[in-house]
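These notes concern the structure reproduced below.
Read the figures in this text as sums done on the coordinates, not as results from a lab. For clarity, every value in this text was computed on a predicted model and none was experimentally measured. Note: ideal-geometry Cβ built from the backbone for every residue, glycine included; neighbour counts use all protein chains shown.
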Amino acid sequence: MIEEFKNRLEKEKEELLNEIQKIAIKTGNDFEAKETTTNTDDVSDVVDQADEFENFNNNEAILKELEKRLDRVDEALVRITTGVYGKCIECGGEIENSRLLANPAAKRCKKHMKN
Ligand SMILES: [Zn+2]
């Protein structure tokens, strides 16, 4: 069963990294949002500063969310290697399978989940 969750997590990580690469540039161990969206070819000269600024804000917001999810996935993968995957970090009890199926990166049982 863990193997199945591991596959799902690795797939999700790959997808997240793909998404991140579309909107951000890797700087060392970090990512920095690109100033404009990737399809700069479509951006004409008449695009004013306001639009570019808006794009930048969007990329930053999206990047933040993607990085948060990536962190959670990474953490879950580490928990698999250290053998504590599927155990609630609050009570040490088994996390329900239905919960892991809904969210393979979950680290709390249903009783202790925060949202
Ligand atoms: Zn618990």
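Pairs with C-alpha atoms separated by more than 26 Å, drawn from the list Lys13/Lys110; Lys68/Lys114; Lys68/Lys107; Lys34/Lys107, are Lys34/Lys107. Exposure proxy shown here: for Met113, Met1, the number of other Cβ atoms within 10 Å sets the order, fewest to most, as Met1, Met113.
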